[in-house]
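Have a look at the structure below before the remarks.
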């Protein structure tokens, strides 16, 4: 009984985490960008995002960064140095 409950909670948590990213089929005719928050956090499903007029974004030091969700944008804006340093290290 306890194992079933644990499995159920694990599945629900996995679905909730996956739902945090706005993952939709990509339109190849639209430009894409890298979500530096998802890249740093290892959320590979959201690293590459399609950019359009509704894509969450933030500008830091004259550069525009795009995100899969408002949540990722807010994380970035709270500690941009954390994500910018990680992105620079991967280049």
Using a 10 Å cut-off on Cβ atoms, rank the peptides 51-59, 64-72 from the highest mean neighbour count down. 64-72, 51-59
Here FRET efficiency (C-beta to C-beta, residue 82 to residue 29, R₀ 30 Å, nearest 0.05) is 0.35
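We did not get these values from a lab; they are worked out from the coordinates using the rules stated. Remember, it's a predicted structure, so these values are computed and weren't measured experimentally. With ideal geometry, Cβ positions are generated from the backbone for all residues, glycine too; neighbour counts draw on all protein chains shown.
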